[in-house]
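Participant: Sharing a structure, written as structure tokens. Questions coming.
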Amino acid sequence: MGAASEVLARTAPLYDRVKSVVLPAEWPSFAEDIDAILRLKRERNAVILAHNYQTPEIFHCVADIVGDSLALARRAMDVDADVILMAGVHFMAETAKLLNSSKTVLIPDLHAGCSLAESITAADVRGLRERHPGVPVVTYVNTSAAVKAESDICCTSGNARAIVESLGVPEVIMLPDEYLAQNVAAETSVRIITWNGHCEVHERFTPADVRQVREGHPGVVVLAHPECPPDVVAEADFSGSTAVMQDWVARNHPARVLLLTECSMSDNVAVLHPEVEFVRPCNLCPHMKRISLPGIRQALEEMRHEVVIDPAVAVRARQAVERMLAI
Ligand code: SF4
């Protein structure tokens, strides 16, 4: 048996897992990198954390821990291995480093950013505090460590309302996602001061998209991510984080579903639920898509790019994340 055939034989059980969403012609090139990554993980004593928006060959074939930002943050704290490789975007790698600072945290592409994280700086947060003295700052985890360090507490799309209400105050500043803040404001009596950051993936969905899909796909259930504009959430049947969407599909087994979020999310959930028809449209995140199997392989081979956070920033940012995790 040649080397290539040996790799295909070793990785055959993994292909079986993703064959509903990965073409047979694509697999040989994936298989070689997957085989090398599995070996490198053992050699480096590394674990791979992958966000729900990673492509199925990463999510289902090389990742050790998968989930939304909240799940990845929680699980990063308990990682015992020497190296954490984040198959996700930069703020997620920073959060893992904040919560498990003795580990080497790698991200395969330093330019895997986020339009929300880039919408606000630490100086912007200080400016908001000056304009709204005494109002606590709730910061979405999709921000840099420097912005988290200026905040009272963090939140994710899965726990935003609970975090806002946990503070027991009549008004909060919630940043940087304007739509998430507006969607939370619609569900709570707490007044919310917003910032004008948007997710470039979710802001592109429109109510007309939803109506068009309903016309073409009778009976479809529409689940919208809370980073979508409020008029899109209003058109949906249900709104929730990626973890909540996944649970909803697992519990309800709809015949047809539309997940208004990043494209790979539908692929990853479809692998687990072949009985469900996943209707598109979806939108791609260009930042998440900077992470690839060859990039992960190279990162483990060369032990790059290590995520480093200024200790003075890290200590304050960690407090904001840990306050969230305590709720
Ligand atoms: S999907 Fe949106 S929020 Fe998530 S990383 Fe991409 S730009 Fe940021």
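The values are calculated or read from the model by the stated rules, or taken from the named source; none is laboratory data. This one's a predicted model, so the numbers in the text were calculated from it and none came from an experiment. Cβ: placed from backbone, ideal geometry, glycine included. Neighbour counts: every protein chain shown. Accessible surface is based on the protein model in full, side chains and every heavy atom, while ligands, DNA and RNA are left aside. Shrake-Rupley method; radii C 1.70, N 1.55, O 1.52, S 1.80 Å.
Participant: Any residue at all in region 69-89 that is under 18 Å from ALA314 (Cβ atoms) and β-branched (Val, Ile, Thr)?
Facilitator: Looking for residues that are under 18 Å from ALA314 (Cβ atoms) and β-branched (Val, Ile, Thr), one finds at least one in region 69-89, hence yes.
Participant: Also: Under 7 Å between Cβ atoms, which residue pairs at least 6 apart in sequence (or on different chains) link something in region 166-192 that is under 17 Å from CYS154 (Cβ atoms) and hydroxyl-bearing (Ser, Thr, Tyr) with a partner that is more than 16 Å from the ligand (Cβ to nearest atom) and open to solvent by 50 Å² or more (accessible area, probe 1.4 Å)?
Facilitator: Correct list of pairs: SER166/ILE327.
Participant: Return the residues of region 189-221 that are under 16 Å from ARG256 (Cα atoms) and not in a helix (DSSP H, G or I); say none if nothing qualifies.
Facilitator: Of everything in region 189-221, those that are under 16 Å from ARG256 (Cα atoms) and not in a helix (DSSP H, G or I) turn out to be HIS217, PRO218, GLY219, VAL220, VAL221.
Participant: Select from region 138-152 the residues that are in a loop (DSSP other than H, G, I, E, B) and open to solvent by less than 20 Å² (accessible area, probe 1.4 Å) and write down the one among them that is farthest from the ligand (Cβ to nearest atom).
Facilitator: Among them, the one singled out is SER151.
Participant: Output the residues belonging to region 204-229 that are farther than 14 Å from ASN283 by Cα and open to solvent by 40 Å² or more (accessible area, probe 1.4 Å).
Facilitator: Those that are farther than 14 Å from ASN283 by Cα and open to solvent by 40 Å² or more (accessible area, probe 1.4 Å): ALA208, ARG211, GLN212, ARG214, GLU215, GLY216, HIS217, PRO218, GLY219.
Participant: Which condition does THR104 not pass, out of (1) farther than 20 Å from ILE173 by Cα; (2) surrounded by fewer than 19 Cβ atoms within 10 Å (Cβ to Cβ); (3) within 13 Å of the ligand (Cβ to nearest atom), if it passes all the others?
Facilitator: Here THR104 meets the rest and fails (3).
Participant: Further question: So which residues in region 167-187 are open to solvent by 30 Å² or more (accessible area, probe 1.4 Å) and more than 16 Å from the ligand (Cβ to nearest atom), if there are any at all?
Facilitator: Passing the criteria: LEU167, GLY168, VAL169, PRO170, GLU171, ALA185, ALA186, GLU187.
Participant: Give VAL201, VAL232, VAL190 a once-over and let me know the one that is over 21 Å from THR121 (Cα atoms), among the aliphatic types (A, V, I, L, M), within 16 Å of the ligand (Cβ to nearest atom) and open to solvent by less than 30 Å² (accessible area, probe 1.4 Å).
Facilitator: VAL232 is the lone residue from the list that is over 21 Å from THR121 (Cα atoms), among the aliphatic types (A, V, I, L, M), within 16 Å of the ligand (Cβ to nearest atom) and open to solvent by less than 30 Å² (accessible area, probe 1.4 Å).
Participant: Are any residues in region 235-264 open to solvent by less than 30 Å² (accessible area, probe 1.4 Å) and either aliphatic (A, V, I, L, M) or over 19 Å from the mean Cα position of the chain (by Cα) (or both), and if so, which ones?
Facilitator: Selection gives ALA236, MET245, VAL249, PRO254, VAL257, LEU258, LEU259, LEU260.
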